[in-house]
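Working notes, beginning with the structure itself.
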Amino acid sequence: MNTAVTLNGADNVGKTTNARWLASAVPDAIFTGTIDRWDRRWEEVSRGDFSRWWFVDSTTADHVDLVFTSYAGRAKGGGSLAVEDRGWPMLVATCAATASVKDGIPIAQALAEVEARASRHTSAARREVHILLRHTDQSAAEAGYALARDRVPATDRYAAYQRRLAEAIELQADRGVYQAVVVRGERPLLDVQRQIRETVARFGVPVASLAPDRVDRLWVLAGMSESGKSTVGELLRTDHSVTRLKIGYLLRLAADRFGVADPYLAWDQVTEAQRLSEEVLRFAALNPGSRRISVESAHRFEATAHLRRIWGDRCTVVYLDAPQQVRLHRANEPADSLADRDAIKRSRGADDIASIADTVIDNGGSLAGLKRAVAEVVYRNSGSWIPPHLDTVVPAPVQPLLADCAAALVDSGTALVAVTGSLGYDGWQPGWSDIDLLVVRDTLPLNWLRDRRLPDAGPAGEKIAVSAFTTHEVCSGLLPPRLLYALRQIAREGRGLLYRRNGLVLHVADRDVDERAARADLPLVVMVLRRLAARPALDVRAVYKHVVLIMKIILRADGIDLDASDDVRHAFAAGHREAAVDLPAVVEVGRAGQHPDKALALRVRAAAASILAYHDALGHSGTNHPTPPVRKD
């Protein structure tokens with residue numbers, strides 16, 4: 001028996017797009033499309049005011065007869081396996097919604113009348129699998145989503161039609177006329193298509209599965225000739241561990257897979273984006289380390305726009321912009337040759353991609369500026385954005401001091417004031433711990449910093465240190481590793497927060513981002529510890545804190561995030577026994593203050609020597625040449 005798979009649902013839910021993509025994955029299937037392709041009378045009624053014919057001039061009987069005559073013709077021409085845009089129940093629902101608006105009758109009555117008349121039109125006997133796509137699982141909101149996703153404002157009549165259509169579909173769904181329901185929601189098209197294919201497969205229809213989805217981020221690089229797309233692709237690869245791929249290469253693979261000579265001629269831009277996405281999925285599935293991928297060079301507007309719909313928020317479109325003179329200077333070709341290439345790209349909508357890009361980078365300056373811009377874009381597109389909450393409890397002895405500090409630092413340009421370090425996680429010890437303040441402000445003129453009147457020291461002589469950054473630097477990740485971590489704690493748990501501007505949302509980097517930053521900072525910490533520990537007069541407090549900091553960084557590489565010094569000591573001793581670091585408890589060194597006894601100082605110095613030796617041996621590759629060979633002339 002012949003089989004038809006139909007996709008149904010309210011307007012703008014993605015029926016046509018998903019049906020076409022599905023048909024390409026079903027061997028020997030025919031995509032029969034919508035019914036207007038199957039009766040010439042649709043050309044006649046659409047020549048004039050089609051909306052008026054649909055809702056005013058035609059009778060319900062004429063409307064239903066044309067729709068279902070066309071349906072019967074499509075069913076006859078569908079062959080053994082067809083994928084259809086709107087099946088029998090959906091066509092009934094559209095006619096009933098139209099009749100309800102046009103004739104002013106209840107939707108249930110309209111459904112009954114349409115079903116009775118539609119049943120007169122016979123079609124070839126076949127099995128039909130009707131899948132209902134829904135905007136939302138809240139039936140009352142279905143029409144609202146359909147209207148909101150329309151590109152043009154709806155007339156009152158069309159809005160009424162959408163409400164009746166949603167009611168008709170709900171009545172049908174309650175009666176079980178659809179074999180399966182897929183809720184689109186806010187999901188990207190890729191996720192919806194995957195569920196549709198899995199659903200179709202359960203009904204015994206042979207359909208190719210999409211490759212497993214292992215892609216965390218897809219970068220799409222666009223721009224005119226010599227704008228810097230290849231340079232950015234290489235920066236993403238070398239500096240940010242992004243796998244670099246070419247769109248032309250991926251489409252060539254897809255073309256070979258489908259037996260197509262020229263993918264740009266054979267496929268429209270929507271199909272091109274779908275094939276490209278399938279190849280990205282396949283590549284990532286075969287290369288597990290490639291979870292972040294860049295593709296270049298995007299120069300077709302509709303294909304790029306559809307890529308974003310397919311991948312949703314995981315897709316970041318970056319448009320590289322540069323003045324023509326700069327591009328000409330970079331090009332190793334005559335000006336007219338560059339102009340010809342630009343003309344071809346413009347004809348494909350390449351320059352219009354800037355209007356839908358997530359980021360437009362001005363690449364008319366230095367390479368250093370480009371590297372900074374790329375790093376900022378990468379950082380902003382990792383992690384998440386979180387509104388921090390105020391629930392910090394600070395020790396009573398420093399509450400008045402911190403209130404005075406906050407008062408001095410907060411004005412109309414201040415976004416955030418917080419304490420970091422031990423004050424942020426209840427590990428602060430009077431006389432031992434620093435008072436570390438973080439201020440984030442829209443701008444930071446030097447005279448503003450100079451004019452702040454802060455106390456010289458804490459109540460027990462504690463050192464007060466202020467770290468100041470602009471909101472741009474915070475949003476772009478231009479912070480030392482310890483503050484990247486502190487911001488994550490502030491945003492997620494409110495740790496240390498003294499003030500935040502109304503509506504403030506903090507960017508929180510993925511854990512692996514700040515963990516990599518901490519590991520990159522480790523050589524500097526080690527260098528400073530060597531200097532401190534080698535001095536004849538030991539600064540016990542400074543050495544102790546650097547030993548703990550190295551332990552923290554090593555533990556974070558193990559996937560263990562801890563703040564309190566004693567927690568760090570215990571975890572490090574348990575996980576790295578071979579290091580044999582005998583570091584005193586923080587209360588011991590804290591109690592000793594500025595004048596520890598000789599035994600305690602020797603113990604801290606020995607701990608520094610142990611952690612440095614362990615660091616030197618950690619992960620040693622065993623190379624036969626630990627130092628470069630000496631050249632002999």
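The values are calculated or read from the model by the stated rules, or taken from the named source; none is laboratory data. Every value quoted in this text rests on a predicted model; they were computed, and no experiment measured them. A quick note on method: Cβ atoms are made from the backbone with ideal geometry, for glycine too, and the neighbour counts reach across all protein chains shown.
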State which residue pairs qualify: first residue closer than 21 Å to PHE68 by Cβ and of a type outside the set (D, E, K, R) and inside the range 25-51, second residue surrounded by fewer than 16 Cβ atoms within 10 Å (Cβ to Cβ) and modelled with pLDDT under 90 in any location, beta carbons under 6 Å apart, and separation of 6 or more residues or different chains. ILE30/GLY79
Please verify whether PHE258 is assigned by TED's automatic domain parsing to the domain that holds LEU338, of a type in the set (Phe, Trp, Tyr), at pLDDT below 95 and touching a helix residue (DSSP H, G or I) at 6+ places or on another chain (Cβ under 8 Å), treating the condition exactly as stated. yes
The condition from (1) in a loop (DSSP other than H, G, I, E, B); (2) in contact (Cβ under 8 Å) with a residue 60 or more places away in the chain that GLY204 misses is numbered (2)
If you take the residues of the range 502-550 that are surrounded by 16 or more Cβ atoms within 10 Å (Cβ to Cβ) and of a type in the set (Lys, Arg), which of them is modelled with the lowest pLDDT? ARG516
Which pairs have Cβ atoms under 6 Å, sit 6 or more apart or on different chains, and link a residue in the range 578-602 that is farther than 16 Å from ASP567 by Cα to one that is modelled with pLDDT of 85 or more? ALA579/TYR614; ALA580/SER610; ALA592/LEU600; PRO596/VAL540; ALA601/LEU538; ALA601/VAL540
In the range 268-319, the residues that are acidic (Asp, Glu) and part of a loop (DSSP other than H, G, I, E, B): ASP268
Return the residues of the range 148-176 that are in a helix (DSSP H, G or I) and touching a residue at least 60 places away in the same chain (Cβ under 8 Å); say none if nothing qualifies. ARG157, TYR158, TYR161, GLN162, ARG164, LEU165, ALA166, GLU167, ALA168, ILE169, LEU171, GLN172
Just to verify a result, which residue in the range 567-587, among those that are assigned to a helix (DSSP H, G or I) and exposed (fewer than 15 other Cβ atoms within 10 Å of the Cβ), is nearest to the chain's Cα centre (by Cα)? GLY575
Flag if ASP137 is without any contact (Cβ under 8 Å) to a residue 24 or more places away in the chain, out of contact with any Leu (no Cβ under 8 Å at 6 or more places or on another chain) and charged (D, E, K, R): no
What are the pairs with Cβ atoms under 8 angstrom where one residue, in the range 432-452, is farther than 18 Å from LEU478 by Cβ and the other, located anywhere, is buried (at least 18 other Cβ atoms within 10 Å of the Cβ) and of a type in the set (S, T, N, Q)? Sequence gap at least six, or different chains. SER433/SER422; ASP434/SER422; ASP436/THR420; LEU437/THR420
With (1) of a type outside the set (A, V, I, L, M, F, W, C); (2) buried (at least 16 other Cβ atoms within 10 Å of the Cβ); (3) modelled with pLDDT under 90 as the list, and ASP57 as the residue in question, which single condition is left unmet? (2)
Quick check: anything in the range 404-420 assigned to a strand (DSSP E or B), farther than 22 Å from HIS507 by Cβ and of a type in the set (D, E, K, R)? no
For ALA418, are the conditions met, namely being assigned by TED's automatic domain parsing to the domain that holds TRP267, crowded, with 18+ Cβ neighbours inside 10 Å and either modelled with pLDDT of 90 or more or in contact with a strand residue (DSSP E or B) (Cβ under 6 Å, 6 or more places away or on another chain) (or both)? no
Quick one: which of ALA222, ALA266 is under 20 Å from ARG380 (Cα atoms) and either among the polar types (S, T, N, Q) or out of contact with any Gly (no Cβ under 7 Å at 6 or more places or on another chain) (or both)? ALA222
